[in-house]
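Report on the following structure.
The values are calculated or read from the model by the stated rules, or taken from the named source; none is laboratory data. All figures in this text were calculated on a predicted structure; none of them were measured in a lab. All Cβ positions, glycine included, derive from the backbone under ideal geometry; neighbour counts span all protein chains shown. These area figures cover heavy atoms from the full protein model, side chains too; ligands, DNA and RNA do not enter into them. Shrake-Rupley method; radii C 1.70, N 1.55, O 1.52, S 1.80 Å.
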Amino acid sequence: MTIDLGMPSAPVRPLATRRQSRQIMVGNVPVGGDAPVSVQSMTTAVTADINSTLQQIAELTATGCQIVRVAVPTADDAEALPIIAKKSQIPVIADIHFQPKYVFAAIDAGCAAVRVNPGNIKKFDDKVGEIAKAASDAGVPIRIGVNAGSLDKRLLAKYGKATPEALVESALWECSLFEEHGFRDIKISVKHNDPVVMINAYRQLAEACDYPLHLGVTEAGPAFQGTIKSSVAFGALLAEGIGDTIRVSLSSPPAEEVKVGIQILESLGLRERGLEIVSCPSCGRAQVDVYTLAEEVTAGLEGMDVPLRVAVMGCVVNGPGEARDADLGVASGNGKGQIFVKGEVIKTVPESKIVETLIEEAMRLAEEMKDAGTESGEPSVAVAD
């Protein structure tokens, strides 16, 4: 007997029409145009430590990262780039500050793209012609990455601080220099630590050019604060169709950045949902330990790569409805739980068996979905009221 898993026949309708930008290729990843929004992160290992850097890239790749950036502040880091670029499973972007010569080293090393920060590269404007030719000959795109913390002193003097207008003017000025040399294989970011300033900067930039945009709230902070700030800023822009790649900047392990970024995209319907845990926030009506149940189910299903919705509910008010609407769910009360599979109660188990039962049923459903040819999504966890 085949169980109807109730998966949606069509993706969620986007909140807004996607901004039409030109498309570039970062290695084998299309960016801009009609390409899906991609998730980036950055390694924290010293790039010259090739093994540590490649290990971190492998971990990021396994988490769902699609493009990775590595810092290149020294000659030793530049010398490591050829091996890293060759052995990385995902495209590598070289992050260049202060020294224009490392831009050429990154291009020669086979990096998929180069990020330059014009605000802190001395005499950068004088090198644009050479950089444009080298990048064009190698088919390597350039990301012009403007940051509030390293804005060109001329623009700080003009605007008094890193305003949205100052960030946009800096980016467009550098673009114009590349355009003078016929180079338009460009991606832009205008990052600020204040989501309001950042949102306004990207809105202005989106109206002023057709280059693909990389979204980021720079120096967003520790995991909790940074997640909130990035989610607010990215959500506002992506819901308006603005943004082609994203990087969630957290004072946390890079893999955590990727998980948050993926969840943001899934929450907005911009990426196929993977594993989703729907759990109530608990309240005085709860008759079981919802917090522990949700955490243990999440841990037990970590790594599951099918689009499965699991509801972990703790009372009789919303519990039966949420559990019935999910692929798999439990409505708990009085120390026991009713287990639902696609709207039907299949068994009632004591509280001590809820987690074990949900994991067993989830594994069984996942196998049926794979056997039926259901495409895998990226694993993620959402918490709903």
(request) Mind pulling the angle between the C-alpha long axis of helix 195-208 and the longest principal axis of the chain? Nearest 10 degrees, somewhere in 0 to 90. (result) 60 degrees
(request) Quick one: which residues, 5 or more positions from Ser38 or on another chain, have an amide H under 5 Å from its amide H? H modelled 1.01 Å from N in the peptide plane, none for Pro or chain starts. (result) Thr245, Ile246
(request) Can you sort Val345, Val103 by 1.4 Å-probe accessible area, starting with the largest? (result) Val345, Val103
(message) With n ≥ 4 as the cut-off for DSSP H runs, can you work out [θ] at 222 nm for the chain, using -39500 (n - 2.57) per run divided by the number of residues, rounded to the nearest 500?
(response) -13000 deg cm²/dmol
(request) State the antiparallel share, in %, of DSSP beta bridges confined to the chain, rounding to the nearest 5. (result) 30 percent
(message) What number do you get for the range 276-370 when its Cα radius of gyration is normalised by 2.2 N^0.38 Å, N = residues?
(response) 0.95
(message) Suppose all protein chains stay in the model; what accessible area per residue would a 1.4 Å probe give for the range 276-370, in Å²?
(response) 44 Å²
(message) Just to confirm the number: angle between the C-alpha axis of helix 290-300 and the first principal axis of the chain, 0 to 90 degrees, nearest 10?
(response) 70 degrees
(message) Rg over Rh of the range 83-179, using C-alpha atoms and the Kirkwood radius, what does it come to?
(response) 1.01
(message) Set the bar at 27 Å for Cα to Cα. Now go through Lys133/Lys259; Lys86/Lys133; Lys158/Lys191; Lys86/Lys153; Lys127/Lys158; Lys127/Lys191 and name every pair that lies beyond it.
(response) Lys133/Lys259; Lys86/Lys153
(request) Might you work out the accessible area of Thr53 for me, using a 1.4 Å probe with all protein chains in place, and round it to the nearest 10 Å²? (result) 0 Å²
(request) Could you look at the chain and say what percent of its accessible area is carbon and sulfur, using a 1.4 Å probe and all protein chains? (result) 52 percent
(request) Express in % the proportion of alpha carbon pairs of the range 189-319 at distances exceeding 23 Å. (result) 45 percent
(message) Between Thr17 and Lys370, what is the label-point separation in nm under the 7 Å Cα-to-beta-carbon projection?
(response) 4.2 nm
(message) From the C-alpha coordinates alone, can you work out the Kirkwood hydrodynamic radius of the chain, in Å?
(response) 22.4 Å
(request) For Val72, list long-range residues whose amide hydrogen, built 1.01 Å from N in the peptide plane, is under 5 Å from its own amide hydrogen. (result) Asp95, His97
(request) Take the chain, connect every pair of alpha-carbon atoms lying under 10 Å apart with a spring to form a Gaussian network, then pick out the residue of Asn200, Asn334, Asn147 with the largest mean-square fluctuation. (result) Asn334
(message) So if I take the alpha carbon set of the range 10-139, get Rg, then get Rh from the Kirkwood formula, what is the Rg over Rh ratio?
(response) 1.01
(request) Determine the gain in length on full extension of the stretch Glu360-Glu180; use 0.36 nm per residue of separation and subtract their C-alpha separation, reporting nm with one decimal. (result) 58.6 nm
(request) Work out from phi, with θ = phi - 60° and the Karplus expression 6.51 cos²θ - 1.76 cosθ + 1.60, the ³J(HN,Hα) of each residue of the range 145-154, listed in order in whole Hz, and give x for Gly and Pro. (result) x, 8, 10, 4, x, 9, 6, 3, 4, 5
(request) Using amide H atoms built 1.01 Å from N in the peptide plane, name the residues 5+ places from Ala311, or on other chains, whose amide H lies under 5 Å from its own. (result) Val278, Leu328, Gly329, Val330
(message) How tilted is helix 50-63 with respect to the longest principal axis of the chain? Cα atoms for both, answer in degrees (0 to 90, nearest 10).
(response) 50 degrees
(request) May I ask you to give the solvent-accessible area per residue for the range 54-175, in square angstrom, as obtained with a 1.4 angstrom probe? (result) 42 Å²
